[in-house]
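Nothing in this text is a laboratory measurement; each read-out follows from the coordinates by a stated rule. Predicted model only: the values in this text are computed from it and were never measured. Using ideal geometry, Cβ is built from the backbone for each residue, glycine included, and neighbour counts are taken over all protein chains shown.
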Amino acid sequence: MKRLLLASITVLGALASLPVAAQFQKPEDAVKYRKAAFTVMATHFGRIGAMASGKAPFDAAAAASNADIVATMSKLPYAGFVEGTSGTEKGTPKTAVWTDRAKFDDDARKMQDEVAKLALAAKGGNFDQVKVAFGAAAASCKSCHDNFRNP
Ligand code: ASC
């Protein structure tokens, strides 16, 4: 009985630590997934950016809805950064994503925090606060790009 319990714990432990790669059939699927998530994020973030920069009129309800989408999407791309999917071309991840994963995860968390704050600000409906929160969120995107994305 005790041995069975130990065996079960071992199996569960192994399952819990299954590499994230196991969530995707092929590395290309993970790449496609993370790019798709970033594309949706950038689309909705850009709509807020257009308002923040005065290119589009401020629409509080639209800003709030876009910011909610960004905040939700911000949680998704990171599962797609599976081992062995770095690159050298423009826009591909540097190997630092994997050699300095703790910092990468920190940058990810920072961005997720900033877009959550943006969503909160957008719910408040105050243009100046949305502008400030948008700037902080954009800076967190840029910081991770500078550190981890090939120029
Ligand atoms: C955007 C977008 C990004 C970030 C980044 C901010 O609108 O698509 O990737 O802002 O450019 O520096």
task: For region 23-151, state what percent of all Cα-Cα pairs lands in each successive 10 Å bin, counting from 0 Å until the bin that includes the largest distance.
output: 13, 43, 29, 13, 1
- prompt: Restricting attention to region 29-134, which GluC sites (Glu not before Pro) occupy a DSSP loop and are surrounded by at most 15 other Cβ atoms within 10 Å?
  reply: GLU83, GLU89
statement: Assertion target for HIS145, HIS44, ordered by fewest C-beta neighbours within 10 angstrom first, is HIS145, HIS44
query: Based on DSSP H runs of at least 4 residues, each adding -39500 (n - 2.57), what is the mean residue ellipticity at 222 nm of the chain after dividing by all its residues, to the nearest 500 deg cm²/dmol?
result: -23500 deg cm²/dmol
task: Hey, can you grab everything whose amide H is under 5 Å from the amide H of ARG149? Only 5+ residues off in sequence or another chain; H modelled, so Pro and N-termini drop out.
output: LYS94
query: Do the alpha carbons of any pairs in LYS90/LYS142; LYS32/LYS123; LYS90/LYS131; LYS32/LYS90; LYS75/LYS142 sit beyond 21 Å of each other, and which pairs?
result: LYS32/LYS123; LYS90/LYS131
message: Around ILE69, under 12 Å between beta carbons, what's the net of Lys plus Arg minus Asp minus Glu among the other residues?
response: +1
